[in-house]
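Here's the structure, in structure tokens; my notes come after.
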Amino acid sequence: MDRIGRRWPAYSGIVPWALLVLGIVMDVATPREVSGGPLIVLACVAAGVIMSFRATLWLVLVALATELATGVWESGTASTQQIVDLGYVVVAGALGLDLNRLVIRYGRRISAVRTVAESVQLALLPDPPLRLAGYDIAASYRAAQSEARIGGDLYAVHDSPWGLRVFIGDVRGKGMDAVSTVALLLGAFREAAEDQPTLEALGARLDRRLAHEAARLGEERELEGFTTAVLAEFPHGGESVRLLNFGHPGPYRVAGGHVRALDAEVPNLPLGMSGFGQEVSPHQEHSFPPGASLLFVTDGVTEARNPQGVFFDPARGLEGMSCSSAKAAVAGLLTRVDAWTGGVSTDDRAVLAVAH
């Protein structure tokens, strides 16, 4: 049951019952001076946090009945101490039921906030066309399970006079500041992708737009408001891809079941940091033959961890994967990331695939 934004392990529902049984055994099998009441009280409270309201109510009723029955069984009547223990169970049962209502109410609020946050993000990032400029395209955005705030992952595609252009990035931070930056960059990309003849010029336009906005919003945003990104260009009728990296994880080319990370030899500073004076390194060109797929990701993929804390490596994780289409490539990647992490996500994940 999803109760407070996470999914309890299947065995957790056994814990309150185990505590209850252990408390009853201690009451029955030990001298009167040794009481299992504290364990029974703990069982009632734990049930309220872990179990459903109905299951918590059943456990509380069983605890009351068994506490009363063991007292009568031991002496034929309820002693003062047994009445006190019974009162403890009543109070603990009421507390457990009240905690249960609070936990469920809090979980519903978190789910509602997360749903709104994800809806806003998806409104900014609509699904791209399935087919554009002769290429098969698919994308996916997944909000982090542990966050209820809107993230800064973004992607966009545009069919320009120079070829299909792709933009994927990750805005620093979360919340409304990230949303405004995402909207700003997406609008600037769609405008500039149509009239800037090179990726370098396109990147410079995005960098100036972001730096100008950060300067307008204040010193802190000017110093810390940056975005990692990759710009890509697939020339019309060609079998290559041009990449310009601004401090972002490079894409992964999958062809014939083999994977190659197309990392930048000299990555540029993130967008919005041109004030540091580094010259922009020129784009790199790679082959992109028919049948190949290129997967662009954000750090929610490359920094996904397994239970032992080891990062997911797409270059290894995608080996042998069939990429018959862009949609299959995205689905296959996310399936393997979920298998690696056990379905737990601590960061937003954006994936965009282009298949030739």
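No value in this document is a laboratory result; all are computed from the given coordinates. The structure presented is a predicted model; accordingly, all values stated were derived computationally and were not measured. Every residue, glycine as well, gets a Cβ built from its backbone with ideal geometry; the counts of neighbours run over all protein chains shown.
Taking only the alpha carbons of the stretch 232-356, we obtain Rg and Dmax values of 15.3, 45 Å in that order. Here is the size of the stretch 224-294 from its Cα atoms: Rg then Dmax, 13.6, 42 Å. For the peptides 163-171, 19-27, residues were scored by their other Cβ atoms within 10 Å and the scores averaged per peptide; the highest-first order is 163-171, 19-27.
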